[in-house]
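First up is the structure itself, then whatever we jot down about it.
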Amino acid sequence: MTHIVHVLGPSPRTIEVVDEMVVGRGAECDLRFAEDRRMSRRHARLLVEDGRLIIEDLGGVNGTHVNDVPLRGRATLEDGDRVLLGKTEMRVGDGQRERPSLVKPADQALPPDLGRMVADEFYAALGLGEQTLADVGSHDDLIQRTRRFAVLQQISHAVQRADTVDELLDNTLALLLKVLPGDRGFVALVGDDGVPSVVRSHGRRTDPRAPAHLSTTVTDYVVHRRASIISRDAAADDRFDGSASLMLNETRAVMAAPITQGDPVVGLLLLECSHLERTFEEADVDLLTVVGAVLGQALGKLETIRALEQARADLLRTQQELIRSQQMAAIGRLATGIAHEVKNHLSPFMLADMIARKYPDDADIQESKAIMLEARQHILDLVNEVRQFASGADAGYRLEPTDLANVVRGVLRFMQCDKVIKEAQVDLEVTGEPWVHMDAPRFRQVLINLIRNAADAVPDGRPPHITLRVSEGADEAWVQVEDNGRGIDEHDAERLFEPFFTTKGNQGLGLGLDICRKIIAAHSGTIGFDSTPGAGTTFTVRLPAIRDGR
């Protein structure tokens with residue numbers, strides 16, 4: 001005796017079992033599924049004994065399931081039984097128990113070009129043309145034709161206006177349920193594994209968020225056989241087994257059609273109806289089939305638009321990176337030339353050392369010498385930092401145990417000669433004695449940049465007030481620079497650390513904060529800020545604290 005077994009996915013086929021067949025992933029198997037990585041090399045065996053179809057589990061890693069129940073040893077299979085081996089699902093028998101009431105091939109369902117239809121074609125679509133008027137049997141029939149045509153036209157317009165896939169699918173389901181006798185609608189799209197899954201649902205009276213159960217019979221006809229179907233006896237469908245919900249058991253009829261993009265079937269449209277006195281007709285499935293083709297085209301267009309938008313974004317990003325690299329190269333060349341000229345013009349600063357040696361007891365001269373030599377070194381370090389920043393070269397940091405508060409005090413002494421800082425009220429608050437591993441000259445660059453930015457942030461007419469706070473916690477130390485300036489608005493805050501972004505107009509290059517961020521990162525620290533527009537900004541630099549090695 002021959003038994004029929006339908007393989008529903010992911011490699012659909014129909015097989016005949018005459019005597020014995022070994023099923024698995026291995027090349028030696030009679031029924032091989034090499035693409036199913038969840039199936040064992042020798043997973044199960046199908047055999048015929050005394051006219052009955054038997055399945056035997058051969059110890060597959062992921063087991064064998066019959067009607068969702070794990071198999072232990074052997075079992076006799078009946079028509080309609082479902083078998084799951086790995087990811088491969090099979091159905092036993094010729095499927096008469098679940099055969100849909102109506103099956104129509106969907107190959108001829110081409111969406112009409114509503115934008116180019118002339119008057120006679122509109123009349124014919126409504127059943128009022130010379131060749132179609134006799135098909136209109138009643139006033140109700142004419143109303144139904146008109147409503148279906150209006151829905152198709154509205155869906156076509158919605159397709160053109162939809163910006164997202166979710167919007168497109170939701171609008172389509174809502175419009176279909178206005179004209180067709182359904183209570184609940186679904187859109188299922190085929191995934192990379194070839195199996196369709198529900199992505200959107202819409203209910204007229206039921207909860208659209210309730211779980212959806214796709215019938216493998218419906219999937220087989222619609223997706224694998226490229227057909228539209230009506231099932232007027234949903235109780236025979238396998239999803240209404242004991243595991244299905246009570247709500248689903250109330251479903252009386254099901255209608256489904258493929259969503260096509262040319263030859264490929266990319267999904268399916270499915271409507272359910274729970275009314276005994278209402279059911280789906282052939283004209284309904286014709287409309288659903290055409291909508292499936294329209295929807296497939298729309299999904300393809302949206303995918304193309306998204307691909308083009310992504311390509312455009314990638315192109316803009318590439319252009320920005322190219323412009324940035326060209327800017328960096330130009331800055332690097334400029335910094336190299338400036339470094340040479342600056343070194344030549346900084347030589348007179350060394351006169352301060354000669355004067356200091358001549359007047360060793362003059363405290364003012366000694367302090368001035370220290371500031372001038374520190375300024376000279378800071379200028380050289382700054383030019384070199386810009387050159388290294390532009391070239392991307394390793395800055396070569398030398399991190400040594402350092403008294404953080406002492407570095408901050410030194411920066412404030414150095415900036416006493418700055419015209420803007422001299423006019424500001426600058427307060428220093430130190431809590432504890434934090435020590436960190438630091439490259440002091442480079443960290444001074446960070447502090448000088450933050451203090452200058454704080455002073456520049458204060459609008460004209462408002463006395464600048466800058467507060468520096470140095471403190472420590474259990475495992476970190478931090479420096480805060482707070483100002484009473486104009487603050488940073490939300491749009492600028494997102495880009496503040498981007499290279500070449502500046503809020504100073506022609507007075508800034510937009511490199512200072514990015515250089516600061518790189519210096520702090522080299523110290524294994526972080527830099528961030530809090531700002532209130534119109535009230536001020538606080539930048540916080542956090543560094544790992546050390547307890548030993550002072």
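Observations, loosely collected:
- Here's how it looks for N62: its modeled amide H is under 5 Å from those of S40, which are all 5 or more places away or on a different chain.
- Whole-Hz ³J(HN,Hα) from phi, Karplus 6.51 cos²θ - 1.76 cosθ + 1.60, for the stretch 215-221, glycine and proline x: 6, 5, 5, 4, 4, 4, 5
- Peptide ranges 409-415, 292-298 listed from the most packed, as the mean C-beta count within 10 angstrom indicates: 292-298, 409-415
- A522-D166 FRET efficiency (beta carbon distance; Förster radius 45 Å; 0.05 resolution): 0.50
- When the GluC sites (Glu not before Pro) in the stretch 408-502 are filtered for DSSP coil states and for at most 16 other beta-carbon atoms within 10 Å of their beta-carbon, the remaining sites are E423, E494.
- Among 537-544, 21-28, sorting by the average number of other beta carbon atoms lying within 10 angstrom of each residue, highest first, gives 537-544, 21-28.
- Efficiency of FRET between D353 and A34 - r from beta-carbon atoms, R0 60 angstrom, step 0.05: 0.15
- For F529, the residues whose modelled amide H falls within less than 5 Å of its own, excluding neighbours fewer than 5 places apart on the same chain, are T540.
- Net charge of Cβ neighbours under 13 Å - reference E56; Lys, Arg +1; Asp, Glu -1: +2
- For K518, K422, the ranking by accessible surface with the largest value first comes to K422, K518, using a 1.4 Å probe.
- A477 long-range amide H proximity, modeled H, under 5 Å: L543, A545
- Note on H202: accessible area is roughly 60 Å² with a 1.4 Å probe, heavy atoms of protein only.
- Whole-percent pair-distance distribution, where bins are 5 Å wide, for the alpha carbons of the stretch 440-483: 5, 20, 24, 22, 15, 9, 4, 1, 0
- Couplings 3J(HN,Hα) for the stretch 439-445, derived from phi with the Karplus relation 6.51 cos²θ - 1.76 cosθ + 1.60 (θ = phi - 60°), are 8, 4, x, 6, 5, 4, 4 Hz, where x marks Gly and Pro.
The values are calculated or read from the model by the stated rules, or taken from the named source; none is laboratory data. What you see is a predicted model, and the numbers here were worked out from it, not measured in a lab. A quick note on method: Cβ atoms are made from the backbone with ideal geometry, for glycine too, and the neighbour counts reach across all protein chains shown. All accessible areas refer to the heavy atoms of the entire protein, side chains included, with ligands and DNA or RNA removed. Shrake-Rupley method; radii C 1.70, N 1.55, O 1.52, S 1.80 Å.
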